[in-house]
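Note sheet for the following structure.
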Amino acid sequence: MIDLIQIGLGPWGTDWATKIIPQLADVRVTGWVDTDPDARAAFAARTGTDAVFASVEEALAATGAVAAIAPVAIGAHAAVAGQVLRAGAHLLLEKPFALDTATARELSDLAAERGLVFGIDQNYRVFPAAPVVRDLIERQAVGTIRRVSLEWHRDHQGVRDSNSLVELAIHHFDLMRYLFGREGVAITCVPATPVRSAQDRTPGASLIVELDGGLTIDYVLASQGVDAQTPWPGVWRISGDEGLLRWGGPDDHRAVSITDAAGTVTAVEVPELPLFERAGVLRAFVDAIAGSGVPTSPAADNAHSVAMLEAALTSARTGERTRVQRW
Ligand SMILES: NC(=O)c1ccc[n+]([C@@H]2O[C@H](COP(=O)([O-])OP(=O)(O)OC[C@H]3O[C@@H](n4cnc5c(N)ncnc54)[C@H](O)[C@@H]3O)[C@@H](O)[C@H]2O)c1
């Protein structure tokens, strides 16, 4: 049994607490933290717990927990990560890890110096089709890849009311790195509405994403207009010399197929995963603390996904093609 504290008791934190964490029988949350008294009161009323604290330090001292999970407001990610890691606890932090590469690297270095497990919740890696598609790409199932497009369209008020690059594109940048095993080179981003900072809302964007080896992805992110709903990971079309690999149908994240040069379409089997998305991320995090494996998206690796987000935000602001920081 592993004892955790949970930091962040807003809508997403409540969902973690009531639907996700209970799926793992060997994980117990012994303290909950939020700086907002109203959020603490609402969470206590909803769940019946009284182990609700106003600070990370207080919760760790009172519970003796060795790790924390933090579905906390994006603006607090860096401060909360610093508090948890400096207190010597392992951390699973929600995406986006950070909004800039320097902060992400500083925090992942801090975890490494202290020998702590630090993972980021990039739960789209734990949709059942994700490892299947990655494997097909690695085995060159459609030959040399020539063209890739990714479309995300959902009629979603939450996305319309946010900076969709910060809330959503980070998932897709991370999936690009995961699926193709390549790093970002440069990004050109045209947001649907002006974006001068990460705090500015925008309901979508059109992007050209360049990866290593000359691979370019046409990426459209949209929460307005009438169209079929894509699944959360999006609809991917990966065209190679020997076929077209597709992932995602209308609101269907399990649909994977290959169309050969003669037009014959073959469906690809997608096996169930033992645990779906966030539950699988939590499983990998807890196992890593126990010394087995690594988190789904370790912070040091995720800093490269943050670098893509940072480039997209800079490009959105300047209108320029922007290089992705590399190290
Ligand atoms: N992985 C996914 O698919 C997914 C989906 C939705 C949200 N999220 C992420 O989950 C996180 C939380 O989302 P939300 O909509 O609940 O956010 P939110 O903005 O409602 O904030 C959550 C809570 O954090 C608290 N908080 C702010 N600063 C704090 C601090 N310093 N210490 C402790 N608590 C603090 C707020 O009071 C609030 O109750 C965000 O990082 C968001 O990006 C991830």
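Quick notes on this one:
- Taking the inverse of the mean reciprocal distance over all distinct Cα pairs, the Kirkwood hydrodynamic radius of region 196-327 comes to 18.0 Å.
- Across region 214-220, computed HN-Hα scalar couplings (Karplus, 6.51 cos²θ - 1.76 cosθ + 1.60, θ = phi - 60°) run x, 7, 10, 10, 8, 10, 10 Hz from first to last residue, x flagging Gly and Pro.
- Relative to its Kirkwood radius, the Cα radius of gyration of the chain gives an Rg/Rh of 0.97.
- Cα long-axis angle, helix 170-180 against the chain (0 to 90 degrees, to the nearest 10): 60 degrees
- Within the listed set 88, 225, 75, the Gaussian network model of the chain (springs between alpha-carbon atoms below 10 Å) gives the highest mean-square fluctuation for 225.
- Spin-label model, residue 19 to residue 66: label points 7 Å out along the Cα-to-beta-carbon direction sit 3.0 nm apart.
- Taking Cβ atoms as reference points and 9 Å as the exclusive limit, the residues near residue 52 contribute a net charge of -1, counting Lys and Arg as +1 and Asp and Glu as -1.
- Sequence-ordered 3J(HN,Hα) estimates for region 201-209 from the Karplus curve with 6.51, -1.76 and 1.60 and θ = phi - 60° stand at 6, 8, x, x, 6, 10, 9, 10, 10 Hz, glycine and proline given as x.
- Cα gyration tensor shape for region 2-118, rounded if a/c is under 1.5, else prolate or oblate: prolate
- Cut-off under 5 Å, modelled amide H: who pairs with residue 249 long-range: 254, 255
- Solvent exposure of the chain, expressed per residue, is 43 Å² of accessible area, with all protein chains present and a 1.4 angstrom probe.
- Heavy atoms of residue 197: accessible area, 1.4 Å probe, square angstrom to 10: 40 Å²
- Near residue 183, the amide H atoms lying under 5 Å from its own belong to 212; only residues 5 or more places off or on other chains count, and H is placed 1.01 Å from N.
- Table column - 3J(HN,Hα) (Hz), region 229-237, Karplus curve with 6.51, -1.76, 1.60, x for Gly and Pro: 6, 7, x, 4, x, x, 10, 10, 10
- Heavy-atom surface analysis with a 1.4 Å probe gives the chain a carbon and sulfur content of 50 percent of its accessible area.
- Nearest 10 degrees, 0 to 90: helix 37-47 Cα axis against the chain principal axis: 80 degrees
- Across the chain, Cα pairs under 8 Å and at least six residues apart give a relative contact order of 20 percent.
- Taking each residue as 0.36 nm, the span from residue 241 to residue 144 lengthens on full extension beyond its C-alpha to C-alpha distance by 34.4 nm.
- Distant-in-sequence amide contacts of residue 242, defined by a placed amide H-H separation under 5 Å and a gap of 5 or more residues or a different chain, comprise 143, 144.
- Residues of region 215-250 with amide N under 17 Å of the 7 Å Cα→Cβ point at residue 161: 223-224
The values are calculated or read from the model by the stated rules, or taken from the named source; none is laboratory data. Because the structure is predicted, anything quoted here is derived from the model rather than measured. Virtual Cβ from ideal backbone geometry, glycine too; neighbours counted across all protein chains shown. All accessible areas refer to the heavy atoms of the entire protein, side chains included, with ligands and DNA or RNA removed. Shrake-Rupley method; radii C 1.70, N 1.55, O 1.52, S 1.80 Å.
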